Each structure stands twice: as structure tokens, then as C-alpha cells.
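What follows is a short report on a single structure.
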Amino acid sequence: MNAIYILWLRELKRYLRSRIQIFVSLAQPAFFLLAFGFGFGPIFEENGRGSYLQFMAPGIIGVTVVITAVLSGIAMLWDRQFGFLKETLVAPVPRLFVMIGRTLGGATVGMIQGVLMLLVCTIIGFRPQSVIAVLWAFTFIATISICFAAFGMMLGSMIKDMQGFHLISNLIVMPMFFLSGALYPLSHLPQIFTAITRINPLSYGVDGLRGSLIGQWHFSYLLDISLLGCTASIFLMAGAYLFSRIEV
């Protein structure tokens, strides 16, 4: 258990030392929030759906968490390149503990970024329905973080070069973002897109955040948190298996 704590703390310290990472991870979602939130706001209001900023902000918080959590897997490539991963793997510690520690570290970083993005949204004009709503939303921020940090560990275990990691992670994350309901309602979509949104784990994360923060649910709290939890478990098991077979 000490190994899990040490690796979790190492990932957290690495994040806190990198002020550039903190800024860059917030810059892209903040750009989406400003460009789309105020650009499409009048059109959204004209169709009787209220404030687009209120609708969009939970989705932006969700994608901020996902991007940060997935990119935490790239730290494994750095450690493999500079030899730290080899030193970790030859230590008398089960590889499962190593994987869990690194996943929890990446998930913690994702949670911090999610909270920071929530503060940015609040400064811009987003208003949660209550303080209790923020606490409920944090359960989804934490679950999304663990789910996609484990996914990032899966990618980091399979891919050996950083360029390939960035290409594949963008190829997967961006379609998940655009087909999650973060930018538009999931109702009245063509059947093919409806099917994709229902197998997209981020759809349930965004819906959980939106439902918790502003009270607009497409699915339900129980369905959202259950499917996210199941997906996180699957990614953790797959990541543990792939990490156990990693060679350095």
C-alpha cells in the first residue's frame, strides 16, 4: 500500500511543478467555453432553451477532466524513456499496486483540473443550482477521472512513443467529446448518433454533471453513475493486465 501512496504522491508533485501543464490543460476548454458559449448563446435562447452557457459549462468541465486524465498516461512514456519505470518494475512491489498508484495520481490531477474549470466557468457566468449540487457533481468528476486515467494507463502500456500516444488519444477523445452531448442536447438525434452516444462513456459523465449542477437529466443519476463505475472497472482491469505485460 505504501507503493500506491508513493506513486500517487509522485504524480501529484509532478503536476504541481508544471505550471505550464495547468495553464494549457485549461486553455483549450476555456476557449471552447468562450467561443461556443457566447457565440451560439443567442441562437440557443431564441429556440427557448435558456442560457447556452448554463447548458454547455458542465460538458466543458467533463472534457477538461477527460483530457487531463488521459494525458496522465504520457508520464509512463517519460518514465520509460528515462529509466524510472524500469526501476519501479524491478522493485519488490506487485505491478498491480504500481498501476493503481499511477492511476490514482492521474485521477487526482484530473479532479483538480475539473474543479479549476468549474471555478473558471463560475467566473465567466455559470451558476450551479446550489452548493449541494456542486458536491453531487464532484462524485461524477471523481468517477470520470478514475475511468479515463485508467484508460490513459492502458494507452501508455500499449504505446511506446509520445507522438503515437498524442495521435491516438486525440483520435479517441475528440470524437467522444463531440458525441457526448457536451455541446448540444442528445434528444432528436439521428439513430446512428443516438446509438454512438449511448455507448460513449463520456455521455453519462456529461449528463451526470449537467444533471447535478443545473438539474437537466437526459438519463438518470443511477444510470449515469452505474455505467461510469462499470466502465472504470473495465478500464482498470484491462489496464492492470496490459501493465503486467509491459516490457522496458
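In debye, nearest 20: dipole of segment 2-244 around its Cα centre with unit charges on the Cβ of K, R (+) and D, E (-)? Let's see the in-between values first.
Values: 14 positive and 8 negative charges, 117 e Å.
Charge dipole of segment 2-244: 560 debye, to the nearest 20.
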* So if R0 is 25 Å, what FRET efficiency would LEU242 and THR194 give, r being the distance between their Cβ atoms, rounded to the nearest 0.05? -> 0.20
* Asked: Under a plain spin-label model, where a point goes 7 Å from the Cα along Cα-to-Cβ, how far apart in nm are GLN28 and MET158?
  -> 1.9 nm
* With a 10 Å radius around each residue's Cβ, average the other Cβ atoms per peptide and rank 179-186, 195-202, highest first. => 179-186, 195-202
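Readers should treat all values here as calculations from the given coordinates under stated rules, not as data from a laboratory. Just so it is clear, the model here is predicted, and its values are computed rather than measured. FYI the Cβ positions are ideal-geometry reconstructions off the backbone, even for glycines, and counts take in every protein chain you see.
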